[in-house]
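We did not get these values from a lab; they are worked out from the coordinates using the rules stated. Computed from a prediction, not measured in an experiment: that's the story for all the values here. So basically every Cβ, Gly included, is an ideal-geometry build from the backbone, and we count neighbours across all protein chains shown.
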Amino acid sequence: MTAHTDHPITTPPRVPSPVQGFGTLAVHAGSPHDPVTGAVIEPISLSTTFAQTAVGRPVGEYEYSRSSNPNRANFERMVAALEHAKYALAFSSGSATTAVILQSLAAGSHVISVSDVYGGTHRYFTQVAKAHGVRVTFTPEIEVDIRDHINENTKLVWIETPSNPTLRLVDIRAVATQAHEHGILVVVDNTFLSPYVQNPLDHGADIVVHSVTKYINGHSDVVMGVAAFNSDELYKRLSFLQNAIGAVPSAFDCWLAHRGAKTLHLRAREATRNATAVAHALEASPYVIAVNYPGLDSHPHRAIAKKQHRDGMGGGMLSFRIKGGHAAAERFCQLTKIFTLAESLGGVESLVEVPSAMTHAGIPRDQREAVGVYDDLVRISCGVEDAEDLKKDVLQALERAVAEAEAKNGVANGTNGTNGL
């Protein structure tokens, strides 16, 4: 290994601790009252261009909406406050956020990533980044072997914690300490938890990214992404690319996402409460092989959750392996009555999906299974419905799905479900 030790970096100092609590910031950060009308809720600024009093002298701070827009600026201020960041930049999707960060790297750069990442991130790393000369190495145990993968071209470490969809956790501080010794930036995808449950910058990360589509917006009606950080140099580089590439969200999407984020703390608490109840029910079921949920004491990384997550919360996402194979997993998703079979996550409604055939279908099977994404894995996003209703829905679908799978296997084996007797 060639150690890149001559340019160590230090974690940029975090902004001063907020004097107000999360809920207060969620409601009020980036939400000034309109100085003309007194409107408590900001208007939607649909104008693409803004008047100038003279050549090169705009009336206010805005010139053209691709470069900046009042609704986007207010949303970015809110996210920065919630993630304890100096800056935030919004993009047209979570994938666009990933693309801009990778685009900021020079050709020939090397990236180290956790193995079990979102399928879209894996697709970008392996097919798009590779095309413009950025090479990505995947590792399942990044805290353990990060030094084995670092070389003189390594510029970035990419972490998902919890990972999608196996809910593995990464000790952010442990990775950041090692990466920073070699002058390498650390990015954490915080989509699965939201800023309410986890603030990666507080644990040494340089950039935190979100698919705003998920928990921050929380209502399944916006596609959007955001990155937050404290470095002035990163702001200069990434804001330039935000404008130059132009993958920016609309004013209306920014307004919707900002409105959704005002209740993030309430939704995140309820989603965690529901996921915890469902995870315990699944763990006790004879129809389940294993449950992945960082809120359970049985989770292998429970100690990390207690250290990095607010009050040790597990969040609203979980996954489990069902007995009966892929057929049972697929049937389970069809038999739920409250959970909707659909991709995405983090909305007020509960969703269920089979990653191997949906969100992670583009990842080769051997690579999927190496990190625990088997054909019998089911991913659940718990919404804000009543916990008891969600538990009942999961348990009835489990029983029926496994029974149907066993019956089919019995018929296929010529036993008619009688075990050959």
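Tell me the chymotrypsin sites (Phe, Trp or Tyr not before Pro) within the range 207-273 that lie in a loop according to DSSP and have at most 10 other beta-carbon atoms within 10 Å.
On the way: sites: TYR215, PHE229, TYR235, PHE240, PHE252, TRP255; in loops: TYR215.
Loop-located and lightly packed - none at all.
Pairs from the list LYS86/LYS214; LYS236/LYS307; LYS307/LYS337 with a Cα-Cα gap above 27 Å: LYS236/LYS307; LYS307/LYS337.
Distant-in-sequence amide contacts of GLN198, defined by a placed amide H-H separation under 5 Å and a gap of 5 or more residues or a different chain, comprise ARG310.
Dividing the convex hull volume of the alpha carbon atoms of the range 128-280 by its residue count, what do you get in Å³ per residue?
On the way: hull volume 21.5 nm³, N = 153.
Dividing the Cα hull volume of the range 128-280 by its residues yields 141 Å³.
Among HIS28, HIS326, HIS210, the largest mean-square fluctuation in a Gaussian network model of the chain (Cα springs under 10 Å) belongs to HIS28.
To the nearest 20 Debye, how big is the dipole of the range 265-411 about its Cα centre, given +1 on the beta carbon of each Lys and Arg and -1 on that of each Asp and Glu?
Using only the charged Cβ atoms, the result is roughly 380 debye.
Take every pair of alpha-carbon atoms less than 8 Å apart whose residues are at least six positions apart; their mean separation over the length of the chain yields a relative contact order of 17 percent. Rounded to whole Å, the principal axis extents of the Cα atoms in the range 22-260 read 59, 40, 29, largest first. Each eigenvalue of the Cα gyration tensor of the range 2-137, multiplied by 5 and square-rooted, gives one semi-axis; in descending order these are 35, 21, 16 Å.
Shape summary: the range 230-306 maps onto an equivalent ellipsoid whose semi-axes, from the alpha-carbon gyration tensor, are 38, 18, 13 Å in decreasing order.
Can you compute the equivalent ellipsoid semi-axes for the chain, i.e. the square root of 5 times each eigenvalue of the Cα gyration tensor, sorted largest first and rounded to whole Å?
On the way: eigenvalues 297, 140, 74 Å².
After diagonalising the Cα gyration tensor, the semi-axes are 39, 26, 19 Å.
Measuring max minus min along each principal axis, the C-alpha atoms of the range 39-85 give extents of 37, 24, 16 Å (largest first).
Convex hull volume of the C-alpha atoms in the range 89-164, normalised per residue: 91 Å³. According to the Kirkwood relation over distinct C-alpha pairs, the hydrodynamic radius of the range 265-411 is 15.4 Å.
Relative contact order, whole percent, for the range 307-421 stands at 32, derived from Cα pairs under 8 Å and 6 or more residues apart. Pick out which of VAL187, VAL40, VAL170 has the largest mean-square fluctuation in a Gaussian network model of the chain, springs linking Cα atoms closer than 10 Å. Its mean-square fluctuation being the largest, the pick is VAL40. Our coupling estimate for the range 73-80, obtained by passing each phi through the Karplus curve with A = 6.51, B = -1.76, C = 1.60 and θ = phi - 60°, is 4, 5, 4, 4, 5, 5, 4, 4 Hz, Gly and Pro reported as x. Of all DSSP bridge pairs formed entirely within the chain, close to 55 percent run antiparallel. Counting only lysines at least 8 places from LYS408 when in the same chain, those with an alpha carbon closer than 20 Å to its own are LYS323. Around the amide H of ILE289, modelled in the peptide plane, lie the amide H atoms of ARG321, ILE322, LYS323, all under 5 Å away and 5 or more residues distant in sequence or on another chain.
Put simply, the Cα atoms of the range 283-346 extend 37, 25, 16 Å along their principal axes, the longest span coming first.
Multiply the residue separation of ALA131 and ALA303 by 0.36 nm, subtract the distance between their alpha-carbon atoms, and state the gained length in nm to one decimal. Walk me through the numbers before you get to the answer.
On the way: separation 172, 0.36 × 172 = 61.92 nm, distance 3.90 nm.
Additional length available on full extension: 58.0 nm.
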